[in-house]
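One structure is given here, and the rest of the page talks about it.
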Amino acid sequence: YRNVHDALECKTAWKPDGLPVYPILVTYEDWYLFAPHVVEYLDTLVLRKLTARGLQGLLEESPYTVTSIAEFEKAGQAIAHVGVGPYFAERVKRPHRHFGLSAFADEAFPEIVIPYDRLFPNNDQEMLSHLRPLMALPSEI
């Protein structure tokens, strides 16, 4: 949020354009923030830290989203299809804050058919191809 504050105060190369800012924290692992009380507890902790730094208004102005990279892969396609503004305007509303990021679009925009593709469909095979001999059954060697 300090970076968001600096950007909104024109202290960075990026200049505010008047549009909302939606911070996204992308993690390697899924935090499983799918229960409203867990999201509320995290918000309480974040608000406490922001208040100590005089930045508490940013939580309301620019609500954050926490997601895993796996969730973000699918959600990014939905965001591109629906649009950043409409997607996050719904996402940050209290009833939707606890939804997993990738499942959220289907819930919030049921009338929109979003085509999803794996971005790197052969990635698993390419990364693990050297393990094929180790995974073979004795009869296949």
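Starting from one equal scatterer on each C-alpha and no solvent at all, send me the Debye-based log10 I(q)/I(0) for the stretch 58-111 at q = 0.26 Å⁻¹, two decimals.
Listed by q, the Debye log ratios stand at -1.12.
Can you give the net charge of the other residues whose Cβ lies under 15 Å from the Cβ of residue 68, counting K and R as +1 and D and E as -1?
On the way: positive: 74; negative: 29, 30, 71, 73.
Combined, the nearby Lys, Arg, Asp and Glu give -3.
Sequence-distant or interchain residues sharing an amide H contact under 5 Å with residue 66, placed H: which?
Here the answer is 25, since their amide H atoms fall under 5 Å of that of residue 66.
No value in this document is a laboratory result; all are computed from the given coordinates. Given the structure is predicted, the values throughout are model-derived calculations rather than measurements. Heads up, the Cβs are rebuilt from the backbone with ideal geometry, glycines too, and the neighbour counts pull from every protein chain shown.
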